[in-house]
Structures are given as C-alpha cells and as structure tokens.
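See structure below.
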Amino acid sequence: MTDTVGAGAVLAKKPATLPARPYFSSGPCAKPPGWSAAQLSTESLGRSHRSKIGKARLQYCIDLMRDLLKLPDTHRIGIVPGSDTGAFEMAMWTMLGARPVTALAWESFGEGWVTDAAKQLKLDPVILRADYGQIPDLNAVDWSHDVLFTWNGTTSGARVPNGDWIAADREGLSFADATSAVFAYDLPWDKIDVATFSWQKVLGGEGAHGVLILGPRAVQRLETYTPAWPLPKVFRLVSKGKLAEGVFKGETINTPSMLAVEDAIFALEWGKSLGGADAMIARSNANAAALDAIVQARPWLGHLAPDPATRSTTSVCLTVEGADEAFIKAFAGLLEKEGAAFDIAGYRDAPAGLRIWCGATVDTADIEALGPWLDWAYSELTSQ
C-alpha cells in the first residue's frame with residue numbers, strides 16, 4: 001500500500017477501509033459492541049435512588065460486578081462518588097496513618113497518590129519510582145508498610161506482572177488503583193485489601209462514579225483505627241465504630257446518576273453474555289496482540305513499555321520515531337479528521353507518543369484496520 005515519491009521517500013496510500021468503531025480513547029473508553037442509549041433500562045430514571053427500584057438496580061449492579069469478577073464473599077463492593085480518584089482517595093483518607101506508608105509511582109496517577117500521601121496527609125512515605133514504561137523494583141517493597149500502587153499505569157503502558165510480589169503474610173494493607181486492570185487481568189483478590197476502579201475504563205461505562213472494593217483486613221482497619229484528620233461526609237465509611245454496610249448494599253453516600261448505573265449494568269450484562277471476566281480478558285489480550293503485530297512490523301513504531309511481562313494489555317503506549325508533541329498532535333488530528341481513530345495521542349505528562357486502548361470493548365478487527373491508517377498518517381507527516 002505504498003508509492004515511492006520524491007528522493008527515496010515513501011508515501012502510503014490512504015486506506016480504503018476504516019475501523020468500524022474508531023474509538024481508541026483510554027478513558028472514557030469505547031462502548032460495548034451493540035451499545036445504544038435506546039437499549040438502556042429507564043425504569044429507575046426520575047426515581048429516588050433510595051426507592052425500591054433504585055436500591056434494587058444499585059444492588060443488581062453490585063451483584064453483577066461480584067459475579068463477573070468472581071469476587072469472594074469476604075470482599076465488599078461499594079459505589080462511591082468521584083470516579084476512581086474519589087474511590088482511591090476515600091481509601092487513603094480513611095485508612096492511612098496507622099502504619100508507615102510506601103507509595104509506588106511510575107506514571108502520573110501514581111504520582112498523584114505520592115502527592116496525597118506526602119503533601120496532603122503528610123505521612124512521609126517511602127517512595128519507589130520508575131520512569132514511564134518501567135516499574136520500580138517490587139522486591140524492595142516492605143510489607144510491614146501500607147503500600148499504594150497502580151496495577152496498570154494508564155498513562156505509561158506499564159503494569160505489575162502479577163500479584164506474586166504482594167506478601168501473603170503482609171502486615172500492612174495493599175491499596176491497588178486497578179482502574180485499567182479490573183476486567184482485563186486475573187486479579188488475585190486474596191492479595192488485594194483495597195481495590196478501586198471506574199466503569200469508564202474496561203467496561204466502557206460512563207464517568208463520575210467509582211467502585212471501592214474492601215477485603216476483610218481493610219474492614220478491620222476501618223473499624224479499629226480513627227485517622228487524625230477530619231473526614232468530609234463523602235469519605236465516611238464508618239458509623240459508631242462499625243462499617244457502614246449500607247454503602248456496600250447500594251445505599252450510596254451521595255446521589256448517584258441512575259443513568260450511569262443503567263449504563264454500567266448494560267456493560268456488565270454484555271460482559272456476562274460473553275462468558276464473564278475470562279472472556280473479557282481474552283478479548284483484551286487479542287487486541288493487544290493485534291496491536292503488537294502492527295508495532296513489530298514497523299521500524300518507526302515501538303512500545304514505551306519494552307518488557308512484555310510488564311506491558312499493559314489495555315492502555316498500550318507507543319513511541320514514534322523522531323516524534324515530538326507537535327508531531328503527535330498532528331498525527332492524531334489527521335486520523336480523527338478521517339474518522340479512522342479518535343483520541344490516540346499519549347497522555348499530556350507522558351513522553352510524546354500514541355496511546356491505543358485495547359480493552360475488551362474494542363473489536364480486534366478495528367485494531368487490525370488501524371495499522372494501515374497509522375502508516376498513512378506517518379507518511380503524510382514525514383514525506384512533506
């Protein structure tokens with residue numbers, strides 16, 4: 001699909017076939033295949049979230065998440081405000097301070113948790129950092145500490161390889177920001193005391209709501225420890241020394257969007273129809289493999305995360321030979337104008353490059369169709 005032009009320059013022809021759904025944003029992410037607003041249940045809309053139907057739909061959403069994730073009965077699931085950020089900060093503000101803290105950071109959101117722990121809560125954490133595309137030495141983690149980390153670095157394309165590095169006999173709590181990992185990796189729930197995510201990532205749901213998952217050790221911390229700082233209402237998970245169980249039965253702390261809840265239910269039912277989290281993981285892996293094949297066939301493309309063992313299979317971050325921020329902006333703009341790919345420029349704080357979402361709601365055929373369009377955009381910008 002190329003023509004030779006000029007003094008040795010190669011110009012790729014514009015491809016004839018567009019991806020059917022060119023939605024490759026890393027958040028909010030592509031809707032599930034077949035989604036339409038007309039398919040959402042609307043019975044709960046215009047009703048109180050505390051009505052019988054409101055509570056029932058919230059509980060159903062929680063039950064679906066538990067079912068798909070194969071979450072043990074020992075773990076609670078709550079729908080909370082503020083997306084993944086709100087859920088993770090809720091966990092930090094209510095549970096940290098009882099033990100020393102270690103914070104791992106290899107991308108922008110991990111750095112956010114470092115800032116919260118060091119500058120807002122003033123906990124003087126041990127900080128283990130790595131550059132974008134890398135992860136810190138996980139063997140250096142002291143599990144007598146509470147440990148904060150992102151399972152999958154959405155802005156760096158790097159992830160932890162598995163849960164083997166989390167000590168089974170840990171004294172501290174493990175806090176996993178798992179927003180681009182839940183429904184994309186087989187998470188070891190016995191190793192995770194606190195997990196947070198948002199529907200807008202692998203489920204392709206709407207934003208603004210977070211999900212907080214608490215293991216039994218996290219519940220024990222909440223019921224036996226009172227932080228030194230005041231807690232705003234939206235962070236309070238304990239009443240009279242006991243866990244506010246209603247939060248984990250659909251009685252949300254503040255008013256949720258029932259439309260967003262219905263949207264999440266649609267995505268969860270879609271995932272269940274495929275065969276649950278295992279099927280969603282398989283779709284994500286297939287997408288990542290298809291994108292890797294594109295990268296391997298092009299000398300001007302590379303992975304920001306070079307090690308496949310710690311490379312994301314959802315938010316895949318790519319390097320482009322010789323590219324700076326202006327080049328990437330123009331590259332992404334060309335593809336958006338053609339309707340070939342939306343929102344594929346890398347995160348603003350990351351090295352200049354592309355970021356292609358490969359989560360379960362993306363179809364592998366669309367990843368494959370993207371390859372020739374990347375060639376076209378690259379040749380358009382480099383042959384001028």
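The values are calculated or read from the model by the stated rules, or taken from the named source; none is laboratory data. In this text, all values refer to a predicted model and were calculated from it rather than measured experimentally. As a convention, Cβ positions derive from the backbone with ideal geometry for all residues, glycine included, and neighbour counts pool all protein chains shown. Heavy atoms of the whole protein, side chains included, go into the accessibility calculation; ligands, DNA and RNA do not. Shrake-Rupley method; radii C 1.70, N 1.55, O 1.52, S 1.80 Å.
Leu374 fails exactly one of the following numbered conditions: (1) in contact with a Gly (Cβ under 8 Å, 6 or more places away or on another chain); (2) open to solvent by less than 10 Å² (accessible area, probe 1.4 Å); (3) outside any strand (DSSP E or B). What is the number of that condition?
Tallying (1) in contact with a Gly (Cβ under 8 Å, 6 or more places away or on another chain); (2) open to solvent by less than 10 Å² (accessible area, probe 1.4 Å); (3) outside any strand (DSSP E or B), Leu374 fails exactly one: (1).
Return the only residue of Leu335, Leu318, Leu291 being in contact with a strand residue (DSSP E or B) (Cβ under 7 Å, 6 or more places away or on another chain), part of a helix (DSSP H, G or I) and either open to solvent by less than 40 Å² (accessible area, probe 1.4 Å) or on the phi > 0 side of the Ramachandran plot (or both).
Leu291
When both residues are 6+ apart or on different chains and their Cβ atoms are under 9 Å apart, which pairs have a first residue that lies in the range 22-37 and is closer than 15 Å to Glu262 by Cα, and a second that is modelled with pLDDT of 95 or more and β-branched (Val, Ile, Thr)?
If the second residue must be modelled with pLDDT of 95 or more and β-branched (Val, Ile, Thr), the pairs left are Lys31/Thr361; Pro32/Thr361; Trp35/Thr361.
Counting only residues that are closer than 21 Å to Glu89 by Cβ and open to solvent by 10 Å² or more (accessible area, probe 1.4 Å), give me the strands (runs of 3 or more DSSP E) lying completely in the range 114-230 with at least 1 of them.
126-129, 209-214
Scan the range 257-278 residue by residue and report those that are more than 18 Å from Pro28 (Cβ to Cβ) and of a type in the set (Ser, Thr, Tyr).
Ser273
Being touching a residue at least 40 places away in the same chain (Cβ under 8 Å) and open to solvent by less than 20 Å² (accessible area, probe 1.4 Å) is the filter; apply it to the range 295-309 and report the residue that is farthest from Pro28 (Cα to Cα).
Checking each candidate, the answer is Leu301.
Restricting to the range 276-288, count the residues that are free of Cβ contacts under 8 Å to residues at least 40 places away in the same chain and open to solvent by less than 10 Å² (accessible area, probe 1.4 Å).
0
Could you tell me whether Thr102 is more than 19 Å from Thr255 (Cβ to Cβ), surrounded by 15 or more Cβ atoms within 10 Å (Cβ to Cβ), among the polar types (S, T, N, Q) and out of contact with any Ser or Thr (no Cβ under 6 Å at 6 or more places or on another chain)?
Yes.
As an exercise: evaluate Gly110 against (1) open to solvent by less than 10 Å² (accessible area, probe 1.4 Å); (2) assigned to a helix (DSSP H, G or I); (3) in contact with a helix residue (DSSP H, G or I) (Cβ under 6 Å, 6 or more places away or on another chain) and give the number of the one condition it does not meet.
The single condition Gly110 does not satisfy is (3).
Collect the residues in the range 38-91 that are open to solvent by 60 Å² or more (accessible area, probe 1.4 Å), part of a loop (DSSP other than H, G, I, E, B) and more than 13 Å from Pro256 (Cβ to Cβ), keeping them in residue-number order.
Thr42, Glu43, Gly46, Lys70, Asp73, Thr74
Output yes when any residue across the range 242-251 is crowded, with 17+ Cβ neighbours inside 10 Å, more than 22 Å from Leu268 (Cα to Cα) and more than 24 Å from the chain's Cα centre (by Cα), and no when none is. If you could, list the steps in order and put the result at the bottom.
Initial filter on the range 242-251 (crowded, with 17+ Cβ neighbours inside 10 Å): 243, 247-248, 250-251.
Now restrict to residues that are more than 22 Å from Leu268 (Cα to Cα): 243.
Narrowing further to those that are more than 24 Å from the chain's Cα centre (by Cα): 243.
Checking the range 242-251: at least one residue is crowded, with 17+ Cβ neighbours inside 10 Å, more than 22 Å from Leu268 (Cα to Cα) and more than 24 Å from the chain's Cα centre (by Cα).
Determine which single condition Ile281 fails, assuming it passes every other condition in (1) under 17 Å from the mean Cα position of the chain (by Cα); (2) at pLDDT below 95.
(2)
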